[in-house]
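Contents: one structure, followed by commentary.
Each value in this text was obtained by applying a stated rule to the coordinates, not by laboratory testing. Being a predicted model, the structure only gives us computed values, none of them experimental. A quick note on method: Cβ atoms are made from the backbone with ideal geometry, for glycine too, and the neighbour counts reach across all protein chains shown.
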Amino acid sequence: MGKLRYGGVMACIGFLAIAACGRESQDEMSWARAALERNKSLEIVAADQQSRTFTVRLKDGGELRMVRADEVVASPGAAAPAAAAQPAKQGNPPSAAGATPGEQAVAQADAATGAEPAPPAEMPVTHPEPVLTSESSASLHSAAPGRVLESGPGYSITAGQPATPAAARMRDSASSAPLERRHEPIVCQGPRLLHIDNRNLVFDGDAVSALDGCEIHITNSHISARGVGVVARAANVHIDNSQIEGEQASIDASDGAQVYTASSRFKGLSRRLDTAVVHDLGGNNWN
């Protein structure tokens, strides 16, 4: 009789223990579900009471994840303390009030899998651009070399050596071409066109003769003659950026010749007879 009573008591105790364990497991699942439902970035898809797991979907990307109930709460009685201590233990940053649902979902998923949070991106350090005021611009030209004019975080402006103007290059000749000595003049006669450019010519007698309708253009040249520099008779002569020298005359125009001169220098007499015309287009030096 005594053994029967003892066996009944033990059976009752075992039944109560099983019931208590089932109620504890059920309470843990309920608290875990309530915690997951409070997270607006997650959606509970399924719950397995036997394995005490939940299948959740991340609303931001649609990814499915499995979360155990004991990963959400450690135990029914210690749920609140464990949740409060979890950020400090796992290094998860507390959810900010302005965090987006996607950021909250990633934080929740990292907490479930134990992944380390990504370190915050470093902000690039920028320095303000130097601004030159009217005072600093003026001092830039008057300050001694090496003197600091403007400075700030990451920059410094010092006065440099003043620029020295290049020395003016005096050139006796209007042409850079090598010197050519000629014994006979250049003669253009009839309806022809002749162009003399970048020549440095020295003649024993007369230099250039334009006759009977010829048209001559002399540019960027230096012509020097023992006789007459340019002879024009019933012809057209254009002289530009050149130097004409003649011991007897620089120009001798006659018989209706037309001579056009610009930016040139003439050494020697300039003779114009009857209907010939010399057109000074400016920039000439007659002596």
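Provide the packing ranking of 179-187, 253-261, i.e. peptides ordered by the mean count of other C-beta atoms within 10 Å per residue, highest first.
So the peptides 179-187, 253-261, ranked by packing, come out 253-261, 179-187.
Ranked highest first by average number of other Cβ atoms within 10 Å, how do 202-212, 56-66 line up?
In decreasing order of mean packing, 202-212, 56-66 become 202-212, 56-66.
By per-residue mean of other Cβ atoms within 10 Å, what is the highest-first order of 220-233, 272-285? Intermediate values should be presented prior to the final figure.
On the way: 220-233: 22.7, 272-285: 12.6.
So the peptides 220-233, 272-285, ranked by packing, come out 220-233, 272-285.
Give me the distance in nm between label points sitting 7 Å out from Cα along the Cα-to-Cβ direction at residue 179 and residue 157, one decimal.
That separation, rounded to one decimal, is 5.3 nm.
What is the magnitude of the charge dipole of region 179-286 about its Cα centre, with +1 placed on the Cβ of each Lys and Arg, -1 on the Cβ of each Asp and Glu, and no other charges, expressed in debye to the nearest 20?
160
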